[in-house]
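Report on one structure; see the data block that follows.
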């Protein structure tokens, strides 16, 4: 079973994401900010990290940097979900994320992207803009 860690500070969005991925058969962990997500990642070593960018305490950019800089976590595939970047923004792959999902994103695309990243496993850092990014 895939373990997905979601870093999202908006409760309603986090609740929807948790429901979508739980229904897809994944074990879902949630943190309301980057600092809590990093601590949870260190403790639990999720298969995939899905992070928003604009969060309190530690934003998504700092979370990606912290994960990529941590010896035990650096190979976790990371997807960014946001409503504030243009499709194909070059900062996302440069930061070390593997996929960019733009809100709003269809549930099927969310699940397909996370499953694809989980299937790649560690070292799957090739960036691919998710299909839903073009639909935003």
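Readers should treat all values here as calculations from the given coordinates under stated rules, not as data from a laboratory. Note that the structure is a prediction, hence the values are computed from the model and not measured. Note that we place each Cβ from the backbone using ideal geometry, even for glycine, and neighbour counts take in every protein chain shown.
Ordered by the count of other Cβ atoms within 10 Å of each Cβ, fewest first, 58, 15 give 15, 58. Between 54, 121, 25, the Gaussian network model of the chain with springs among Cα atoms under 10 angstrom shows the greatest mean-square fluctuation at 25. For the chain, the spherically averaged projection of the C-alpha convex hull amounts to 6.8 nm².
Simple spin-label estimate for residue 85 and residue 42 gives 2.5 nm between the two label positions (7 Å along the Cα-to-Cβ direction from each Cα). Across the chain, Cα pairs under 8 Å and at least six residues apart give a relative contact order of 21 percent.
For the pair residue 1 and residue 75 in one chain, pulling the backbone fully straight at 0.36 nm per residue adds 24.8 nm over the alpha carbon distance.
So what is the 222 nm mean residue ellipticity for the chain from helices alone, if each DSSP H run of at least 4 adds -39500 (n - 2.57) and you divide by all residues, rounding to the nearest 500 deg cm²/dmol? Taken over the chain, the calculation gives -11500 deg cm²/dmol.
Residue separation of residue 16 and residue 108 scaled by 0.36 nm, minus their Cα-Cα distance, works out to 31.8 nm of gained length.
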